[in-house]
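Novice: I have a structure I would like to understand better, so I am pasting it below and will then ask my questions one at a time.
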Amino acid sequence: MDNKNWMQKQKCVFLDRDGVLNRERGEYTYLPEDFEVISGVPEALAQLKQHGYLLIVITNQAGIAKGLYRKAHVLACHQKLQETCRAQIDAIYFAPNHPNYSASLARKPDSLMLEKAIAKYNIDSEESWMVGDSLRDLEAAEKVGVKAILVGDKYEPGAHNWQVQDLWEASQVILKSTKKPA
């Protein structure tokens, strides 16, 4: 391995799962047959990947702590996600906790999942982004110095500086903002 590459920091797009990658159903999505990847997601991921971004999913999965489903259900949905998106996602972190059942600094809006990924993959926070559909996603990103984009229609227009309809639009914002090599 080249020492220069080993020390080089990487840029990343962190992705919330429900509402960003798969359709938000208004209830827990834990069965693969209910897990529907949103149109344009595989193409947006491919474009980000082509521009050198790591792709890491950061998702709360409180239904595990609540006893509504098991870790195996989540892993099956993540397998379907990878299959649908041509295995472009580099890593998936999930917090199986809920404050009423088990406290955790991993659960967004806390930032432990992001911190672990940043350390493991040598990620440059200043060159990285978080795409989420909830303000708690953006709060977690802010705690580690990662820029964030809000997607979807949960919030009124103007709720966040960067607010777009979906991951495809978010990827266009990210790519337009990417620093070009000198």
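Novice: Would you confirm whether or not the stretch 35-50 contains a residue that is open to solvent by less than 60 Å² (accessible area, probe 1.4 Å) and among the acidic types (Asp, Glu)?
Specialist: Within the stretch 35-50, the first condition is being open to solvent by less than 60 Å² (accessible area, probe 1.4 Å), and the residues that meet it are 35, 37-38, 40-42, 44-48.
Narrowing the set further to residues that are among the acidic types (Asp, Glu) leaves none.
Scanning the stretch 35-50, I find no residue that is open to solvent by less than 60 Å² (accessible area, probe 1.4 Å) and among the acidic types (Asp, Glu), so the answer is no.
Novice: Within the stretch 154-175, which residues are assigned to a helix (DSSP H, G or I), open to solvent by 50 Å² or more (accessible area, probe 1.4 Å) and without any contact (Cβ under 8 Å) to a residue 40 or more places away in the chain?
Specialist: 169, 172
Novice: Could you tell me whether residue 43 is at pLDDT 95 or above, within 20 Å of residue 178 (Cα to Cα) and of a type in the set (D, E, K, R)?
Specialist: Yes; evaluated as a whole, the condition is true for this residue.
Novice: Could you tell me which residue of the stretch 96-153 is surrounded by the most Cβ atoms within 10 Å (Cβ to Cβ), considering only residues that are outside any loop (DSSP other than H, G, I, E, B) and modelled with pLDDT under 95?
Specialist: Among those residues, the one meeting the criterion is 98.
Novice: Same structure, new question: Considering only the stretch 151-162, I want to know if a residue exists there that is more than 27 Å from residue 23 (Cα to Cα) and among the hydrophobic types (A, V, I, L, M, F, W, C).
Specialist: The answer is no, given that none of the residues of the stretch 151-162 is more than 27 Å from residue 23 (Cα to Cα) and among the hydrophobic types (A, V, I, L, M, F, W, C).
Novice: From the list 58, 64, pick out the single residue that is among the β-branched types (Val, Ile, Thr) and free of Cβ contacts under 8 Å to residues at least 40 places away in the same chain. So that I can check it myself, show each step before the final result.
Specialist: Values: 58 fails: free of Cβ contacts under 8 Å to residues at least 40 places away in the same chain.
Checking each option against the conditions leaves just 64.
Novice: Where residues in the stretch 67-95 are free of Cβ contacts under 8 Å to residues at least 24 places away in the same chain and under 19 Å from residue 14 (Cβ atoms), which of them is least open to solvent (accessible area, probe 1.4 Å)?
Specialist: 78
The values are calculated or read from the model by the stated rules, or taken from the named source; none is laboratory data. Quick caveat: nothing in here was measured; it's all calculated off a predicted structure. A quick note on method: Cβ atoms are made from the backbone with ideal geometry, for glycine too, and the neighbour counts reach across all protein chains shown. Protein only, heavy atoms only, side chains kept; ligands, DNA and RNA dropped before computing areas. Shrake-Rupley method; radii C 1.70, N 1.55, O 1.52, S 1.80 Å.
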